[in-house]
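Written out below as structure tokens is the structure these notes cover.
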Amino acid sequence: MQIKDIIAGLERLAPKNYAESWDNVGLLVGDGEWPVTKVMVALDATEEVIDQCVAGKVDLLITHHPMIFSKINRVTTGDLTGRKIVKLLGNKIGYYAMHTNFDVSVMGREAAARLNLANPRVLMPTVQEHFYKVVVYVPVDSVEKVRGAFQKEDAGHIGNYSGCMFGTEGVGSFQPEEGTNPYIGEVNEMTFTKEVRLETIVRPERLKATIDAMLRAHPYEEVAYDVYRLENEGNVEGIGYYGYLERDMALVELVKATKEALGIEHVWVCGSLGKKVASVAISPGSGKSVIKHALAANCDVLITGDIDHHAALDAKEAGLMIIDAGHYGTEHLFVPYVREYVEAITKKQLEVVEAKEEGPFQVL
Ligand SMILES: [Zn+2]
């Protein structure tokens, strides 16, 4: 197996075009053609984590936060980032980051699921899904082959349904010209044949691969197909989720539930502990920018990380309670989630391990 095979699976989970424009995601160090037998997953590519990769003979490190963020003028051992890159390359370790694209695709939804929030909705929309429609005319005996090629590229994926396609039978006509080698019909003779108009929808990032696969599966020399950009509004995706607790509870009870859901021991709380809460927003990572979205959604409480003194005061005065469970505490779910995902897509053909890391802070 090569690094690029794992990347293809990761990008089905968290498409790169879901990342914010300022972000830096994808393969940041290494070569997609390098072989992989062992993968490590971590929240951060600290030097300590990279040393664990070297000691454990890891071939690919996957983290949430991108190790390379700003412009680099040189790659030498003279500074921290350079030293980390040199160490990765010197040990032939590939390095891949999935950051805000993972936040949008998985993080908020997974955090809301851990709290059993009912009717979960996106807190801060950042991505409006849209689709293309691909229509192709296929001779009847090849419909299943083309349908299979579409489905393999994940065309026709609507919500929780895959392989959504529609076929209508009709008659196609064409006249093969001199120099052709037609699948059906004779040169210089008008040919009429039963064909199926097979149509499906495709995500923009899958369009090229889907058309290539369809052309490979289609028996004709010249394939008639159309691509339309659809105006339908697809799902909205974004940062954080909000929804309702299974039952109203006091803030102090929600604190306990949050610690259990995220597997953490300490949180900071802003609000009256006895106050009843029903609607909850959860946004792993830095939550300052989603406070206004939690207020707009009429949430009673926001569970997040990295809230500073002034942001907490303003939220409190505006009527929003906050549970600050820490940046590390709210996002650490990335590590087991991605480990299990990589194990599943590679069918346990390689070893996937979690890095030993504790975040930068200790609570004393
Ligand atoms: Zn983060």
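The values are calculated or read from the model by the stated rules, or taken from the named source; none is laboratory data. These numbers come from a predicted model, not from an experiment. With ideal geometry, Cβ positions are generated from the backbone for all residues, glycine too; neighbour counts draw on all protein chains shown. Keep in mind that these areas ignore ligands, DNA and RNA; they rest on the heavy atoms of the full protein, side chains included. Shrake-Rupley method; radii C 1.70, N 1.55, O 1.52, S 1.80 Å.
Quick one: what pairs do we get from the stretch 206-222, first residue in contact (Cβ under 8 Å) with a residue 60 or more places away in the chain, second surrounded by fewer than 18 Cβ atoms within 10 Å (Cβ to Cβ) and assigned to a loop (DSSP other than H, G, I, E, B), C-beta under 7 Å, 6+ apart or different chains?
The qualifying pairs are Pro219/Tyr183; Tyr220/Tyr183.
For the subset of the stretch 90-105 comprising residues that are in a loop (DSSP other than H, G, I, E, B) and in contact with a Lys or Arg (Cβ under 9 Å, 6 or more places away or on another chain), which member is nearest to the ligand (Cβ to nearest atom)?
So the first thing to find is which residues in the stretch 90-105 are in a loop (DSSP other than H, G, I, E, B), and the list is 91-93, 98-99.
Narrowing further to those that are in contact with a Lys or Arg (Cβ under 9 Å, 6 or more places away or on another chain): 91, 93, 98.
Working: Asn91: 26, Ile93: 22, Met98: 11 Å.
The qualifying residue nearest to the ligand (Cβ to nearest atom) is Met98.
In the stretch 344-363, how many are assigned to a loop (DSSP other than H, G, I, E, B) and open to solvent by 50 Å² or more (accessible area, probe 1.4 Å)?
First pass over the stretch 344-363, keeping only residues assigned to a loop (DSSP other than H, G, I, E, B): 346-350, 355-363.
With the extra rule that they be open to solvent by 50 Å² or more (accessible area, probe 1.4 Å), the set shrinks to 347-349, 356, 358, 360-363.
So the count comes out to 9.
Run down Val290, Val353 and say which single residue is within 16 Å of the ligand (Cβ to nearest atom) and either touching a residue at least 24 places away in the same chain (Cβ under 8 Å) or on the phi > 0 side of the Ramachandran plot (or both). Break it down into steps so the answer makes sense when it comes.
Numbers: Val353 fails: within 16 Å of the ligand (Cβ to nearest atom).
Going through Val290, Val353 in turn, just one is within 16 Å of the ligand (Cβ to nearest atom) and either touching a residue at least 24 places away in the same chain (Cβ under 8 Å) or on the phi > 0 side of the Ramachandran plot (or both): Val290.
Quick check on this structure: which one of Ser272, Ser279 is over 25 Å from Asp44 (Cβ atoms), in contact with a Phe, Trp or Tyr (Cβ under 6 Å, 6 or more places away or on another chain) and of a type in the set (Ser, Thr, Tyr)? I'd like the intermediate steps shown before the answer.
On the way: Ser272 fails: in contact with a Phe, Trp or Tyr (Cβ under 6 Å, 6 or more places away or on another chain).
After applying the criteria, what remains is Ser279.
Give the residue, chosen from Thr200, Thr210, Thr193, that is in contact with a strand residue (DSSP E or B) (Cβ under 7 Å, 6 or more places away or on another chain), farther than 30 Å from Asp308 by Cβ and assigned to a helix (DSSP H, G or I).
Working: Thr200 fails: assigned to a helix (DSSP H, G or I); Thr193 fails: assigned to a helix (DSSP H, G or I).
Being in contact with a strand residue (DSSP E or B) (Cβ under 7 Å, 6 or more places away or on another chain), farther than 30 Å from Asp308 by Cβ and assigned to a helix (DSSP H, G or I) holds for just one of Thr200, Thr210, Thr193, which is Thr210.
Could you pull out every one of the helices (runs of 4 or more DSSP H) wholly within the stretch 263-343 that has 2 or more residues that are among the hydrophobic types (A, V, I, L, M, F, W, C) and at pLDDT 95 or above? Can you show your working first?
Numbers: elements: 291-296, 309-318, 327-331.
In the stretch 263-343, 291-296, 309-318 are the helices (runs of 4 or more DSSP H) which contain 2 or more residues that are among the hydrophobic types (A, V, I, L, M, F, W, C) and at pLDDT 95 or above.
In the stretch 64-89, how many residues are within 16 Å of the ligand (Cβ to nearest atom) and either surrounded by fewer than 15 Cβ atoms within 10 Å (Cβ to Cβ) or charged (D, E, K, R) (or both)? Lay out the reasoning, then the answer.
Within the stretch 64-89, the subset within 16 Å of the ligand (Cβ to nearest atom) is 64-69.
Filter once more, keeping what is either surrounded by fewer than 15 Cβ atoms within 10 Å (Cβ to Cβ) or charged (D, E, K, R) (or both): 69.
Within the stretch 64-89, residues that are within 16 Å of the ligand (Cβ to nearest atom) and either surrounded by fewer than 15 Cβ atoms within 10 Å (Cβ to Cβ) or charged (D, E, K, R) (or both) number 1.
Here are the criteria: (1) in contact (Cβ under 8 Å) with a residue 60 or more places away in the chain; (2) surrounded by fewer than 19 Cβ atoms within 10 Å (Cβ to Cβ); (3) out of contact with any Leu (no Cβ under 8 Å at 6 or more places or on another chain). Tell me which single one Thr100 does not satisfy.
Checking Thr100 against (1) in contact (Cβ under 8 Å) with a residue 60 or more places away in the chain; (2) surrounded by fewer than 19 Cβ atoms within 10 Å (Cβ to Cβ); (3) out of contact with any Leu (no Cβ under 8 Å at 6 or more places or on another chain), the one that fails is (2).
Residue under question is Ala257, and the condition is that it be closer than 27 Å to His99 by Cα, in contact (Cβ under 8 Å) with a residue 24 or more places away in the chain, part of a strand (DSSP E or B) and under 27 Å from the mean Cα position of the chain (by Cα); does it hold? Outline the logic, then answer.
Values: closer than 27 Å to His99 by Cα: yes; in contact (Cβ under 8 Å) with a residue 24 or more places away in the chain: yes; part of a strand (DSSP E or B): no; under 27 Å from the mean Cα position of the chain (by Cα): yes.
When the stated conditions are applied, Ala257 does not pass them.
Would a scan of the stretch 140-159 turn up a residue that is touching an Asp or Glu at 6+ places or on another chain (Cβ under 8 Å) and in contact (Cβ under 8 Å) with a residue 40 or more places away in the chain? Give the steps one after another, and end with the answer.
First, pick out the residues of the stretch 140-159 that are touching an Asp or Glu at 6+ places or on another chain (Cβ under 8 Å): 140.
Now narrow it down to the ones that are in contact (Cβ under 8 Å) with a residue 40 or more places away in the chain: 140.
Checking the stretch 140-159: at least one residue is touching an Asp or Glu at 6+ places or on another chain (Cβ under 8 Å) and in contact (Cβ under 8 Å) with a residue 40 or more places away in the chain.
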